[in-house]
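Worksheet: the structure to be examined is printed underneath.
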Amino acid sequence: MGTQARPADGAMTLAEMKEFASFPAGTQRYIRRSLDIGLDRENAMERWSRDVVEAASIRAQARIYARLDHIRDHVPDDSGLDAIEPFFAPLVILTAFDLGQDRLVGFGSYRFLYERLIGAHVRPWLPGAFCAAAALPHLHPEKRRVLLQSISEAAATAPGWSNREPCFFPEWVEKVDSVLPH
């Protein structure tokens, strides 16, 4: 027996697409590239590298993203401090790397990416990891201010989180040259 799509799934997918479309072009590109690297979807170097600087950035991102399997395997089921230790430090390091790339413009784009890289069960941990990484000294003070101000009080103090997995995973789209008929 197959699964049947519910009307809410279509509405949620559309909402996720609209959210993605609200991000600046550079953020959209970085999210798609990050998903290719983190979900092992495509050869990111071949697809995304435009120059030697970007190639080096992709190699560094792939090295950092090697921690993703460990993070996915250690997302705590509760808030016990013993369960947090093997999970939270690698999550903050990954977050600090991504925020340091200066492509994720705030908590919304960060949350969008990490829900897809790790899964819905990471949602309770994202505000803390984001705030910890955004406060680290490797970021310029003005960047730290902008990032920390981007997280809403509601996101930082949410009493609960949805366990619904994301529906929309943005991918590379080839440009098509359209030729208008004469």
| remark: Of all trypsin sites (Lys or Arg not before Pro) in the range 42-149, the ones in DSSP coil with at most 11 other Cβ atoms within 10 Å are 50
| said: Of the listed values (i) 146; (ii) 188; (iii) 107, identify the label whose number matches volume of the Cα convex hull per residue in Å³ calculated from this model. | reply: (ii)
| field | Whole-Hz couplings from phi, Karplus 6.51/-1.76/1.60, listed for the range 83-100; x for Gly and Pro | value | 6, 6, 3, x, 9, 6, 4, x, 5, 5, 5, 4, 4, 4, 4, 4, 5, x
| Spin-label model distance (nm) - residue 158 vs residue 74, 7 Å beyond Cα toward Cβ | 2.3 nm
| remark: Length gained if residue 67 through residue 101 is fully extended, taking 0.36 nm per residue and subtracting the Cα-Cα distance, is 10.5 nm
| What is the calculated FRET efficiency for residue 138 to residue 46, with r their C-beta to C-beta distance and R₀ = 35 Å, to the nearest 0.05? | 0.75
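Quick note: the coordinates plus some simple rules give every number you see, no bench work behind them. Just so it is clear, the structure is predicted and the values come from calculations on it, not from any experiment. So basically every Cβ, Gly included, is an ideal-geometry build from the backbone, and we count neighbours across all protein chains shown.
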